[in-house]
Amino acid sequence: MNFGEDAWLLVLDSFGTILDSRCYGGDQREGFNKIITTANGGYACIGICEEDGFDVSGTHGATDMWLVQLDSNLQILWQHAYGGTMLESGYDLLQLDDGGFVLTGQSHLANGDITANYGERDFWIIRTDSLGNIVWQYSYGGPSFDQPYFIKKWGTRFVAGGYLYQPGSGISGYHALDEAWLLVVDENGNPLWNRCYGGSGSEFLSDGIVLADGNLLMVGYSSSNDGDLSSNAGSTDGWLMIIDTTGAVVQCKSIGGPWGEYFSAITPLDNGNYALTGTIGSQLPGSNPVHGSFDIWLAVVDPNFDLVATLCIGGSAYDEGTAVTNTPGSVVIAGISESNDGDLPGNYGYKDGAVSSVSNGLINSVASVGNSIGFEQAGSRLSWTFGSAGNGQAVTELVDLQGRVAARKAWSVFPSGNRIEWLLPDGLASGIYLARISLQGETRTDRAWVRGY
């Protein structure tokens, strides 16, 4: 560990156990916003750095975009700081077939590595060689504060997405307030087109996927029900949108409730659906309750953007999902937590990193939940209502987010009527469970928030 605030990397096994922990930085403030695997078997990280010292060299001004190439053992092979005399930062990156990188972030003034400036902060795209040397760079924006969140290779082009706060010369399609904004450049950094998406409210884009048909699927948040959007549930909604290669909207949907939601990341699933994460503050149909003010949100949608599964993961404070990936057998979410209870006990300070793994089996079961089981908890006793009178042998189970059976009880004779009284086992952790009752060859499932003892 160095001084000030460091960038931090954790390596976890499939059970969330820490295998390695590394800090990178200098005397001031450093941080990583994105990490990717690279062709050499290592990793590349992008973020922000402030001042030369320890792991940092070549800085320009107040803050710089920082690119760090690591080997497979997390040792620094090389690093580069990009910027001018003011405030630059990096948010996303991708590696090309020749080993070079394309980066996106914010630029402030036209000096140092930056050749143009249009406002307070601009979208900034940099193409480097395999050692991080600048091949070309391009900045563009409106007169105010603009911020990109993602960069994708789109055919032979590169597309950066985020938001734009005010219109300016050459900005296309602006509606109102802060708008979702796309900037498209060719393989040499020459601008091709840009476009705003939104309505009379506020919108932004946080992540995207290039689809097999060449269209671009993007996610973020929306608060409009006009312009490019046709619905809004109250505050901000999680927003999905597909555009074609010309920028025309193909498909668009907002998902949320009255208290505010947004999507921060998306990943494709093996069955053709998509898993998303972000933040949820509303009680949605078919979901377990929100624990606090806002929870980490796991949502699964089908190709028509219909919500097929939704889970709230959190505690009594503010929790946020920022990244999601599909791994063999599970979906893994990374985020930030301020809670010290519920699904996220063990807080170490103001804000902690949080990682949750949710089994694909549980996601599939949640997607088919019929809300046919009622629950009441009084102390350590959990009452289950089956929905119809039972007869014969039965099995009741609580399954955790990893798909493991946390509690199980077999009934040789099903209790009379349709109600089971179950004394919970000692040591059961509080949290979200999938509850299953199997009776007479039929299995019913539902979600339950259980307070452990």
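The values are calculated or read from the model by the stated rules, or taken from the named source; none is laboratory data. These numbers were taken from a predicted model, which means no experiment stands behind them. With ideal geometry, Cβ positions are generated from the backbone for all residues, glycine too; neighbour counts draw on all protein chains shown. What goes into the accessible areas is simple: the full protein's heavy atoms, side chains included, and nothing from ligands, DNA or RNA. Shrake-Rupley method; radii C 1.70, N 1.55, O 1.52, S 1.80 Å.
The set of residues in segment 108-126 being without any contact (Cβ under 8 Å) to a residue 40 or more places away in the chain, touching a Phe, Trp or Tyr at 6+ places or on another chain (Cβ under 8 Å) and of a type outside the set (A, V, I, L, M) consists of 120, 121, 122.
Filtering segment 104-136 to residues that are assigned to a loop (DSSP other than H, G, I, E, B) and open to solvent by less than 40 Å² (accessible area, probe 1.4 Å) leaves 108, 114, 116, 119, 132.
The single condition among (1) touching an Asp or Glu at 6+ places or on another chain (Cβ under 7 Å); (2) modelled with pLDDT under 80 that residue 374 does not satisfy is (1).
So which of 90, 99 is assigned to a strand (DSSP E or B) and small (Gly, Ala, Ser)? Walk me through how you get there before you give the answer.
Values: 99 fails: assigned to a strand (DSSP E or B).
Just one listed residue meets the conditions, 90.
Among the residues of segment 46-68, those that are under 15 Å from residue 94 (Cα atoms) and in contact with a Leu (Cβ under 7 Å, 6 or more places away or on another chain) comprise 46, 65, 67. Listed by first and then second residue, the pairs linking a residue in segment 177-194 that is under 18 Å from residue 205 (Cβ atoms) and in contact (Cβ under 8 Å) with a residue 12 or more places away in the chain to a residue that is of a type in the set (Asp, Glu) and open to solvent by less than 30 Å² (accessible area, probe 1.4 Å), with Cβ atoms under 8 Å apart and 6 or more places separating them unless they lie on different chains, are 178/203; 179/203; 180/203; 181/146. Please go through segment 56-77 and give me each residue that is closer than 19 Å to residue 127 by Cα, in contact with a Gly (Cβ under 6 Å, 6 or more places away or on another chain) and either open to solvent by less than 50 Å² (accessible area, probe 1.4 Å) or part of a strand (DSSP E or B) (or both), ordered by number. Once the filter is applied, which keeps residues that are closer than 19 Å to residue 127 by Cα, in contact with a Gly (Cβ under 6 Å, 6 or more places away or on another chain) and either open to solvent by less than 50 Å² (accessible area, probe 1.4 Å) or part of a strand (DSSP E or B) (or both), segment 56-77 yields 64, 65, 66, 67, 70.
Considering only segment 78-85, I want to know if a residue exists there that is over 28 Å from residue 156 (Cβ atoms), hydrophobic (A, V, I, L, M, F, W, C), at pLDDT 95 or above and surrounded by 23 or more Cβ atoms within 10 Å (Cβ to Cβ). Yes, the conditions are met somewhere in segment 78-85. A residue that is of a type outside the set (Gly, Ala, Ser), surrounded by fewer than 15 Cβ atoms within 10 Å (Cβ to Cβ) and outside any strand (DSSP E or B) cannot be found anywhere in segment 29-49. Only one entry in 295, 306 is free of Cβ contacts under 8 Å to residues at least 24 places away in the same chain and under 25 Å from residue 201 (Cβ atoms), namely 306. Among residues of segment 248-271 being assigned to a strand (DSSP E or B) and open to solvent by 30 Å² or more (accessible area, probe 1.4 Å), the one that is nearest to residue 195 (Cα to Cα) is 249.
Specify which of the listed residues (331, 300) is modelled with pLDDT of 90 or more, under 22 Å from residue 35 (Cβ atoms) and either surrounded by fewer than 17 Cβ atoms within 10 Å (Cβ to Cβ) or under 17 Å from the mean Cα position of the chain (by Cα) (or both). Write out each step before concluding.
Working: 300 fails: under 22 Å from residue 35 (Cβ atoms).
When all the criteria are applied, what remains is 331.
Condition check ((1) touching a helix residue (DSSP H, G or I) at 6+ places or on another chain (Cβ under 7 Å); (2) open to solvent by 10 Å² or more (accessible area, probe 1.4 Å); (3) not in a loop (DSSP other than H, G, I, E, B)) across all residues:
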position: 167; (1), (2), (3): no, yes, no
position: 184; (1), (2), (3): no, no, yes
position: 194; (1), (2), (3): no, yes, yes
position: 227; (1), (2), (3): no, yes, no
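Out of contact with any strand residue (DSSP E or B) (no Cβ under 9 Å at 6 or more places or on another chain) and under 20 Å from residue 121 (Cβ atoms): is that true of residue 200 in this structure? When the stated conditions are applied, residue 200 does not pass them.
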